[in-house]
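Everything on this sheet refers to the single structure shown next.
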Amino acid sequence: MSFNLFDLWASMGPMAKAVMVLLLAMSLLSLAIAIERIGSIARSARESADFLSAWRSTLAREGPEAAAAEAARFPHSHAAWLVRDGTLVLRDGGIDAAKRLEAFDRTARRIVLSSGIELRKGLGVLATVGSTAPFVGLFGTVLGIVSAFRTMGVTGQGGLGSVATGISEALVATALGILVAIPALWVFNYLTQRIQRSLAELECVAEELAVEAIVAETPGRTA
């Protein structure tokens with residue numbers, strides 16, 4: 001006797017169907033988060049690259065204040081936030097140089113931390129789906145095996161034919177759990193690497209901005 005997916009669904013009990021629906025919901029949720037995060041991180045990286053090019057060009061021609069004003073054109077760039085707020089701190093003439101650098105360091109750390117929080121939004125869900133989906137599928141497998149033995153007990157017949165439906169449910173649940181988990185883990189690892197690279201680049205921008213300010217204030221030297 002052969003089965004297709006519709007036959008399997010029709011033969012499943014309520015609990016087995018609930019497991020399948022849960023796995024499908026987990027898959028759709030992880031897919032939605034993956035699409036949103038990949039798009040958001042790519043947009044931020046693209047705007048940051050464009051901003052840094054415009055910032056360095058304007059810095060050489062017009063100075064720090066005009067260069068920092070370029071940030072308004074790039075609202076999704078974390079580097080633009082850092083340069084804008086960092087320039088305000090570094091150009092504050094009301095405090096001495098040592099205190100300005102300390103204030104800048106705190107400002108840069110705050111922006112890097114807040115950027116990391118924003119960039120990692122939703123990654124916890126991907127990690128949860130990737131780590132729990134196989135166990136949800138295993139639970140469905142257990143239910144399928146229980147259903148198979150129950151069928152065997154009710155019919156009083158042994159053999160593969162009498163338990164084929166329950167075994168099929170079990171195998172489908174296991175396969176679906178793995179299929180949900182693998183893409184979620186792949187996307188989680190990919191986004192984690194992208195975010196780490198973005199934060200490292202952000203720290204490099206902070207160092208560049210601090211060095212530029214120090215060089216600009218050093219007598220007899222130019223940036």
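Read-outs: derived from the displayed coordinates by stated rules, not from any lab. Remember, it's a predicted structure, so these values are computed and weren't measured experimentally. Counting neighbours? That spans all protein chains shown, and the Cβs are built from the backbone with ideal geometry, glycine included.
The calculated FRET efficiency for the pair I214 and E36, based on their C-beta separation and a Förster distance of 35 Å, comes to about 0.35. Per-residue extension of 0.36 nm, minus the Cα-Cα distance of Q193 and L101, leaves a gain of 30.1 nm for this segment.
Length available on full extension from A66 to F135: 0.36 nm per residue minus the Cα-Cα distance, which gives 19.3 nm. Between M15 and I145, the simple label model (points 7 Å from Cα in the Cβ direction) yields a spacing of 1.3 nm.
Grouping the Cα pair distances of the range 50-131 into 10 Å bins from zero gives a pair-distance distribution of 17, 37, 28, 11, 6, 1 percent in increasing distance order. Each part gets one Cα centre, and for the range 49-101 versus the range 179-193 those centres are 35 Å apart.
The range 5-217 gives an Rg/Rh value of 1.31, both radii derived from C-alpha positions and Rh following Kirkwood.
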